[in-house]
Amino acid sequence: MAIDHAATVQTVVDFPEHYFLENLAVRSDNSVLVTVLNHRQLWWVPPFTGAEPVRPVLVHTFERLVTGIVETEPDVFHVSATDGYTTHESSLHRVDLRGWSPGEPVRPETVLTFDERVRALNGSCLIAERTIVLADSFAGLIWRVDLPEDGGPAQARVWLRHPSLDHDPDNPLTPPQPGVNGVRFAPRTKFLYYTSTAQRLFMRVRVDPVTHDPAGEPEFVSGGTMADDFCLDEDAGVAYVTTHRQNTIDRVPLDPRPDGTREIAVGDPFDERVIGPSSAAWGRGPGEYGRVAYVTTDGGTTSPPPDGRIRPARLLRITFS
């Protein structure tokens, strides 16, 4: 079901075809950091005024596929790198952009190399100061990483293991579809929300405010779509969920709805700018929370649209009315 009030979609920047824009983080000045999965890159996109598309700047090329990115302190980011489809070697890198100017080299610091239990790192978010959770799409796990204040080695342990996190090894789609994929924390209600793409689930689990561990069993919120990532609007009590292979952004209530009603906010009718939407994050300008989101796409690299023609990957600015 499409929502009656339309959203305004603007292209911030076009990337080449066959670029899989995986995740993003919006900085305090509304510039955007974008991870490009298949090219192992981190890009910087300058603030968008709405007049003309902007020109991105390459920040760094990693040795592995890059997936999640989370700001852990002002202008300090932790980026996940993973060989999810081959060796499964995975690591977490600290990227310090304090005082950085576009075009200057950066020297990411490897703060953690994961053990062999990790299969494919994906989305990540903070659930407390210096505490990150990371989706592991093929191991069916969510990991917890605690960052020490003294700059010593980070510590990782399994945060959640549950059947809803599992991927489907018999799914015929290529590439293999992830289980747990996107993770976002709702600080007011203390829930961690997550998607499980292969199982078509949108789930949540309560987080203990003291230990920051799961408090109780995960519960079903909604389902029925191959959800990828999302951003939360706690003011309105909804999530805006990207459905990567279905080329839509859906508006989903944060409280469990057994009927799983699907409201399509963007993509019905089909919009060729919104092909392969992968992740979403709110702008950080005044009044932008819950209203202005930045969305990454892959242009159909993973799943071409019905006409079979792959478009440029895009960073979009979407204003929800």
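Below is a table of values for the structure above.
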read-out: Check on Arg317, surrounded by fewer than 19 Cβ atoms within 10 Å (Cβ to Cβ), touching a Phe, Trp or Tyr at 6+ places or on another chain (Cβ under 9 Å) and basic (Lys, Arg); value: no
read-out: Residue in segment 24-31 that is under 30 Å from Arg262 (Cα atoms), surrounded by fewer than 19 Cβ atoms within 10 Å (Cβ to Cβ) and touching a Leu at 6+ places or on another chain (Cβ under 9 Å) present; value: no
read-out: Options Pro74, Pro16; residue that is within 20 Å of Ile275 (Cα to Cα) and either out of contact with any strand residue (DSSP E or B) (no Cβ under 8 Å at 6 or more places or on another chain) or among the basic types (Lys, Arg) (or both); value: Pro16
read-out: Positions within segment 142-158 being open to solvent by 10 Å² or more (accessible area, probe 1.4 Å), at pLDDT 95 or above and out of contact with any Ser or Thr (no Cβ under 8 Å at 6 or more places or on another chain), in sequence order; value: Ala156, Arg157, Val158
read-out: Yes/no for Arg64 being surrounded by fewer than 21 Cβ atoms within 10 Å (Cβ to Cβ) and out of contact with any Phe, Trp or Tyr (no Cβ under 7 Å at 6 or more places or on another chain); value: yes
read-out: Residues (closer than 20 Å to Leu37 by Cβ and over 17 Å from the mean Cα position of the chain (by Cα)) located in segment 118-139; value: Val118, Arg119, Ala139
read-out: Residue satisfying all of: in segment 272-296; touching a strand residue (DSSP E or B) at 6+ places or on another chain (Cβ under 9 Å) and over 21 Å from Ile69 (Cα atoms); surrounded by the most Cβ atoms within 10 Å (Cβ to Cβ) among these; value: Ile275
read-out: Test result for Leu58, hydrophobic (A, V, I, L, M, F, W, C), surrounded by fewer than 21 Cβ atoms within 10 Å (Cβ to Cβ) and over 23 Å from Phe185 (Cβ atoms); value: yes
read-out: Residues satisfying the stated conditions in segment 40-70, i.e. outside any strand (DSSP E or B), closer than 20 Å to Asp83 by Cα and in contact with a Ser or Thr (Cβ under 8 Å, 6 or more places away or on another chain); value: Arg40, Arg64
read-out: Tabulated pairs, segment 125-136, first farther than 16 Å from Leu112 by Cα and β-branched (Val, Ile, Thr), second in a strand (DSSP E or B) and open to solvent by less than 10 Å² (accessible area, probe 1.4 Å), C-beta under 7 angstrom, 6+ apart or interchain; value: Ile127/Val133; Ile127/Leu192; Ile127/Val207
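Residues checked against (1) charged (D, E, K, R); (2) open to solvent by less than 20 Å² (accessible area, probe 1.4 Å); (3) over 22 Å from Ser279 (Cβ atoms); (4) part of a strand (DSSP E or B):
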residue: Asn181; (1), (2), (3), (4): no, yes, no, yes
residue: Arg184; (1), (2), (3), (4): yes, no, no, yes
residue: Tyr193; (1), (2), (3), (4): no, yes, no, yes
residue: Phe202; (1), (2), (3), (4): no, yes, no, yes
residue: Asp229; (1), (2), (3), (4): yes, yes, no, yes
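The values are calculated or read from the model by the stated rules, or taken from the named source; none is laboratory data. Since the model is a prediction, treat every value here as computed from it, not as a measurement. Every residue, glycine as well, gets a Cβ built from its backbone with ideal geometry; the counts of neighbours run over all protein chains shown. Areas reflect the complete protein model, heavy atoms only, side chains present, ligands, DNA and RNA absent. Shrake-Rupley method; radii C 1.70, N 1.55, O 1.52, S 1.80 Å.
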